[in-house]
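Following: one structure in structure tokens, then a few remarks.
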Amino acid sequence: MSEETLSNLLKEDRRFEPPAELAAHANLTEEAYARAAEDREGFWAEQAERLTWSKKWDQVLDWSDAPFAKWYVGGELNAAYNCVDRHVEAGNGDKVAIHWVGEPVDDKRSITYAELQAEVSQAANALTDLGVGTGDRVAIYMPMIPEAIVTMLACARIGAPHTVVFGGFSSDALASRVVDCQAKVVVTADGGYRRGAPSALKPAVDEARAKAAERDGHTVEKVLVVKRTGQEVDWDDSVDVWWHDSVARASTEHQWQAFDSEHPLYVMYTSGTTGKPKGILHTTGGYLTGCAYTHWAVFDLKPETDVYWCTADIGWVTGHSYIVYGPLANGATQVLYEGTPDSPEKGRWWQVIEEYGVTIFYTAPTAIRSFMKQGREIPDARDLSSLRVLGSVGEPINPEAYVWYRQVIGGDRTPVVDTWWQTETGAIMISPLPGVTAGKPGSAMIPIPGVSADVVTEEGESVPNGSGGYLVLTEPWPSMLRGIWGDDQRYRDTYWSRYAEADGGKGWYFAGDGAKKDTDGDLWVLGRVDDVMNVSGHRLSTTEIESALVSHPKVAEAAVVGAKDEDTGQAVCAFVILRDEAGDGGEDIVEELRNHVRKEIGAIAKPRQVMIVPELPKTRSGKIMRRLLRDVAEHREVGDVTTLADSTVMDLISGRLTSGK
Ligand code: 6R9
């Protein structure tokens, strides 16, 4: 973000007070901030009481081995029991847990908590029969169908950590994740519906399984397949098992077992600054506490009356915390939608809100911006008056989008909660509270009660109001990551080495985001300060895409930058030097390379632009100066080139681009 945009942003002076009615009955009130500040651990102990524990903890937090935290030490619980069975036991078995809406119109199904309990039990029995034991990893590669949630909960029920891989990822990405966490079983579907057509998943699993075996000698023992679209699939009887032959026939009775509070719940892979994705590890008691508390507090959830809808995919952390674990732990009723927002028509989401009377809606700025572009006539054609709280997540929300969201979707009534958090934080950290905060368009405001954050200089000094710096979390929190799967050192290096001396040597958590405090001390998260891009709210690493490009036989070198994009926030722009023997690469070289990245990583990583260049701008120490490439990609005057080893390189690049070669 340029300095100019930044200072414009900080001049934003519109304020939206909480609606009186909401404030009067808000779940969390102003006092919570003081209460949490006074006795942090006591506050978090109270939040853990939202869950049902089989054995109570002896100690709230053990931080003696920082940065490796233990929360609710000695406590035992089962996450699936907390998300499902206990609601049935409390007499809410007939309550709808999930209103599932398939992409094809009229393909829908509402599932009660009692039905969910039966299905999760069946899946737990079936997974056990397939040889999955406590501690074994299960990879999930599925469309947005109820079976995906059922599988996650079944894994939690038997203590088998899951790793959900986004269905849009390629077989290579799936294979590397399966290998990294040594998944024993993969659960998938023949396909899912996207943009009005069935899109296959099973072939990618077959390929990933073969790659894992050939390249890394890792055997996926079983593949459990849901029949969703009915499309043709290759079948290997020794490995593949149909869901309808196993899960659907299994007993609906399953005795859950309590696990230690620190038992691994799941691993979620996310992009870091190197080519290799990091497996972020979350454990049970603290994570579930964080999800349940924040989902209740930030969305002001009233489980008896609200209908909640989060549009994320379960392949991302938002789907884990705010579709599966938070809402279900709270016994909420929610909508789960399979497809794309514009299928079969542009107003599909608004039709769903109208049909189910959705009251709380949580989506991403990139989606809001695309709706803004389509015009307000589309949402205006629907009755959206049921909405009472709107949420945003994934990237900074620009004030225009915030105001449009509030006015057009929220009828100028609903607070907008701009929630900042990360895969690593597990749950929302910085956000307005809908019944307390006077919202400012574009600001995530202040840490929620129980969370401590600051904006600091390189040296670790807290910046004064009106200044910017790095965002840090200064105290541990229950839903924090417990590490990177199989790589403790990378965990320390990535998050804790930068401010290792802070807090008496316990360190602060470095989030990788830049932020600014405005003159009121409210926080504005500005985006990544490392080589991570944010495209449509999805994290992508520049290095990961660069390595995909150089794996192409015609490519000698590649540099990738995230350039500002009106629709997707940032877009992937690649600068590529071809190998001499590739000549000019041929007419279709640009398309060839874009598709190559798509094949290697997935469609979200496909560059918007590939520019073939003769040289890349490098410093004397050989570091690519991405800042200059960003200037080119964003059509700006190229900035200061004095630190380049060869300052004529930028002329070469710009010259080549304007001559269209
Ligand atoms: C939940 C999620 C995390 C990164 C994070 C930041 C960006 C997320 C934001 C936001 C500004 C917000 N981010 N929410 N930036 N305002 N409200 O998105 O997790 O995929 O791990 O991405 O996304 O840059 O560091 P994840």
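Just one of the numbered conditions (1) surrounded by 23 or more Cβ atoms within 10 Å (Cβ to Cβ); (2) part of a loop (DSSP other than H, G, I, E, B); (3) within 11 Å of the ligand (Cβ to nearest atom) is not true of Q422: (1). Restricting A329, A367 to those that are more than 15 Å from the ligand (Cβ to nearest atom) and small (G, A, S) reduces the list to A329. Entry remark, segment 396-405: residues being open to solvent by 20 Å² or more (accessible area, probe 1.4 Å) and either of a type in the set (V, I, T) or not in a helix (DSSP H, G or I) (or both) number 2 in total. For G217, the conditions (1) under 18 Å from the mean Cα position of the chain (by Cα); (2) open to solvent by 60 Å² or more (accessible area, probe 1.4 Å) are fulfilled apart from (1). Examine segment 324-344 for a residue that is touching a residue at least 40 places away in the same chain (Cβ under 8 Å), closer than 23 Å to D412 by Cβ and open to solvent by 10 Å² or more (accessible area, probe 1.4 Å), and state whether such a residue exists. No: zero hits. When residues of segment 74-111 are filtered for being hydroxyl-bearing (S, T, Y) and either outside any helix (DSSP H, G or I) or open to solvent by 40 Å² or more (accessible area, probe 1.4 Å) (or both), how many remain? Looking only at that region, the number is 1. Based on this model, can you work out whether E4 counts as at pLDDT 85 or above and part of a helix (DSSP H, G or I)? No. The single condition from (1) under 30 Å from A20 (Cβ atoms); (2) in a loop (DSSP other than H, G, I, E, B); (3) acidic (D, E); (4) within 16 Å of the ligand (Cβ to nearest atom) that D313 fails is (1). Residue under question is I158, and the condition is that it be open to solvent by 10 Å² or more (accessible area, probe 1.4 Å) and closer than 17 Å to E119 by Cα; does it hold? When the stated conditions are applied, I158 passes them. Residues in segment 575-588 that are open to solvent by less than 10 Å² (accessible area, probe 1.4 Å) and not aromatic (F, W, Y): V576, G585. G504 - would you say it is away from the ligand (no atom under 12 Å from the Cβ) and assigned to a strand (DSSP E or B)? Against the criterion (away from the ligand (no atom under 12 Å from the Cβ) and assigned to a strand (DSSP E or B)), G504 does not qualify. I353 meets the conditions (1) in contact (Cβ under 8 Å) with a residue 40 or more places away in the chain; (2) on the phi < 0 side of the Ramachandran plot; (3) in contact with a helix residue (DSSP H, G or I) (Cβ under 7 Å, 6 or more places away or on another chain) in every case but one. The failed one is (3). Any residue that is away from the ligand (no atom under 13 Å from the Cβ), part of a loop (DSSP other than H, G, I, E, B) and surrounded by 17 or more Cβ atoms within 10 Å (Cβ to Cβ) - is there at least one of those in segment 526-541? No, segment 526-541 has no match at all. Screening V572 with (1) within 30 Å of F371 (Cα to Cα); (2) open to solvent by less than 20 Å² (accessible area, probe 1.4 Å); (3) in a loop (DSSP other than H, G, I, E, B) gives one miss only, at (3). For segment 177-224, the strands (runs of 3 or more DSSP E) that sit wholly inside it and include 1 or more residues that are within 22 Å of K276 (Cβ to Cβ) and out of contact with any Ser or Thr (no Cβ under 9 Å at 6 or more places or on another chain) are 185-189.
Answer yes or no: is there a residue in segment 368-390 that is under 30 Å from V267 (Cα atoms) and open to solvent by 30 Å² or more (accessible area, probe 1.4 Å). Checked segment 368-390: no residue is under 30 Å from V267 (Cα atoms) and open to solvent by 30 Å² or more (accessible area, probe 1.4 Å). Against the test of being in contact with a strand residue (DSSP E or B) (Cβ under 6 Å, 6 or more places away or on another chain) and modelled with pLDDT of 95 or more, the options G290, G279, G272 yield a single qualifying residue, G279. Within segment 412-434, residues that are of a type in the set (G, A, S) sit with their Cβ atoms under 6 Å from residues that are more than 8 Å from the ligand (Cβ to nearest atom) and assigned to a strand (DSSP E or B), at 6+ positions apart or across chains, in these pairs: G426/H282; S431/V417.
Checking the structure you have, find out if any residue of segment 440-460 is within 18 Å of T318 (Cβ to Cβ), away from the ligand (no atom under 11 Å from the Cβ) and not hydrophobic (A, V, I, L, M, F, W, C). Checked segment 440-460: no residue is within 18 Å of T318 (Cβ to Cβ), away from the ligand (no atom under 11 Å from the Cβ) and not hydrophobic (A, V, I, L, M, F, W, C). Does V408 qualify as being away from the ligand (no atom under 16 Å from the Cβ), in a helix (DSSP H, G or I) and among the aliphatic types (A, V, I, L, M)? The answer is yes for V408.
The values are calculated or read from the model by the stated rules, or taken from the named source; none is laboratory data. Keep in mind it's a predicted model, so treat the numbers as computed, not measured. All Cβ positions, even for glycine, are placed from backbone atoms using ideal geometry, and neighbour counts span all protein chains on display. SASA here: full protein model, heavy atoms, side chains in, ligands and nucleic acids out. Shrake-Rupley method; radii C 1.70, N 1.55, O 1.52, S 1.80 Å.
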